[in-house]
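A short write-up of the structure that comes next.
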Amino acid sequence: MKQNICRSRYRLLADFPVVHAFLTDIYTLDTLNSYLLPQFFEYAHTHPFFNYKLTHRFGLWEDNGKLAGIACYEMDIGECFLVTDREHAFLLPEMLKYAEKELSSEKNGKKALSVWVTDKETDKIELLSRNGYKKVYAEPVRIFSYKNPFRDVKLPEGFKIISLEDENDYRKINECLWKGFDHGDNPDDDIDSRIHMQSGPNFRKDLTTVIKAPNGDYACFAGMWFDDKNTYAYLEPLATVPKYRRMGLATIALTVGMKKTKALGAKYCFGGVPEFYTAIGFETICHREIWKKEW
């Protein structure tokens, strides 16, 4: 069964489209590919914290030249995902050994690896447990079904809804996200990273929603991705500047993006962890877990 299996290292420029297509093809709402969604994978590749210098440590497994599995991290070594199609789940023990060698971190002479799974992936959980891993973290995975009505929140007077097709001020985006993710009042000057984050092949300016404050500042930013094959939307990122919070802006920006993707054929949208999402109608469908081992 394994005679046609070969393993190779990930080539950042050449293999990204292949992996993205693979993750799209094998996606199911049951297991979520351990939450290695194609949009999640792509967003990480354009993130300023992404360690592109070590992506050659990603492992690819092919069967007769067709991709069957991948071992990779999101941002950096020390954590990983192990994802196969249904027919090649038997590769998981081999992939785990590879990940322990190539994707683990080392500090003070001790190695450590954290593996992401969803709580529905019993085969991976059993494998990790047998190999000495312990669950150390869990967080909810939430979606909003487009069968449900959208929240109707009134835009405060003087504020304006735009998309990045209308206006795309990188410096204002940087300030909004810097403050919106609570990094402080004084944004850095890394405008190049904001430009780079719009370079993904599936990034959509028309689906990205910005709410402008009366003074012209970007008060809220909501990025939205659309998977036309699997008919879902993926929110990333969503941030509101602290002084503009509790005005309904995040709900409005998110709802605008969801309405746009519903018109494109999406049936639901992935949200985030904070209770904000449940308050506006998102439902928990499973949990993401980290299983960790040190040696």
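The values are calculated or read from the model by the stated rules, or taken from the named source; none is laboratory data. This one's a predicted model, so the numbers in the text were calculated from it and none came from an experiment. Note that we place each Cβ from the backbone using ideal geometry, even for glycine, and neighbour counts take in every protein chain shown.
Details
- Qualifying residue in the range 202-219 (condition: closer than 23 Å to Phe41 by Cβ and in a strand (DSSP E or B)): yes
- Hey, Met197 over 25 Å from Phe41 (Cβ atoms), of a type in the set (A, V, I, L, M, F, W, C), touching a residue at least 24 places away in the same chain (Cβ under 8 Å) and out of contact with any Lys or Arg (no Cβ under 9 Å at 6 or more places or on another chain) or not: no
- The one condition in (1) surrounded by fewer than 13 Cβ atoms within 10 Å (Cβ to Cβ); (2) of a type outside the set (Phe, Trp, Tyr); (3) outside any loop (DSSP other than H, G, I, E, B) that Thr55 fails to fulfil: (1)
- Residue among Ala250, Ala219, Ala263, Ala233 that alone is more than 16 Å from Arg151 (Cβ to Cβ) and buried (at least 17 other Cβ atoms within 10 Å of the Cβ): Ala219
Here is a yes/no grid of residues against (1) under 30 Å from Gly132 (Cα atoms); (2) at pLDDT 95 or above; (3) not aromatic (Phe, Trp, Tyr):
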site: Trp225; (1), (2), (3): no, yes, no
site: Asp228; (1), (2), (3): no, yes, yes
site: Thr231; (1), (2), (3): no, yes, yes
site: Tyr244; (1), (2), (3): no, yes, no
site: Leu249; (1), (2), (3): no, yes, yes
site: Phe270; (1), (2), (3): no, yes, no
site: Glu294; (1), (2), (3): yes, yes, yes
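- Test: residue in the range 63-70 that is assigned to a loop (DSSP other than H, G, I, E, B), touching a strand residue (DSSP E or B) at 6+ places or on another chain (Cβ under 8 Å) and among the aliphatic types (A, V, I, L, M): no
- Out of Leu235, Leu164, sole residue that is in contact (Cβ under 8 Å) with a residue 40 or more places away in the chain and closer than 28 Å to Lys267 by Cβ: Leu164
- Within the range 89-114, the only residue that satisfies the criterion of being of a type in the set (Lys, Arg) and touching a Ser or Thr at 6+ places or on another chain (Cβ under 6 Å) is Lys111.
- Residue count for the range 13-51, restricted to those that are at pLDDT 95 or above, over 16 Å from the mean Cα position of the chain (by Cα) and surrounded by fewer than 18 Cβ atoms within 10 Å (Cβ to Cβ): 5
- Some residue of the range 277-293 being within 30 Å of Ala138 (Cβ to Cβ), without any contact (Cβ under 8 Å) to a residue 60 or more places away in the chain and not assigned by TED's automatic domain parsing to the domain that holds Ala112: yes
- Of the residues screened, Arg194 is not one that is in a loop (DSSP other than H, G, I, E, B) and of a type in the set (D, E, K, R).
- Among (1) farther than 27 Å from Leu12 by Cβ; (2) buried (at least 19 other Cβ atoms within 10 Å of the Cβ); (3) without any contact (Cβ under 8 Å) to a residue 40 or more places away in the chain - the single one Thr209 does not satisfy: (3)
- In the range 284-295, the residue that is farthest from Ile161 (Cα to Cα) out of those that are over 17 Å from the mean Cα position of the chain (by Cα) and surrounded by 15 or more Cβ atoms within 10 Å (Cβ to Cβ) is Lys293.
- The residues listed here are Glu139, Glu165, Glu126; of these, the one that is assigned to a strand (DSSP E or B) and either loosely packed, with under 14 Cβ neighbours inside 10 Å or modelled with pLDDT under 95 (or both) is Glu139.
- Some residue of the range 110-131 being polar (S, T, N, Q), over 24 Å from Thr55 (Cα atoms) and in contact with a helix residue (DSSP H, G or I) (Cβ under 9 Å, 6 or more places away or on another chain): yes
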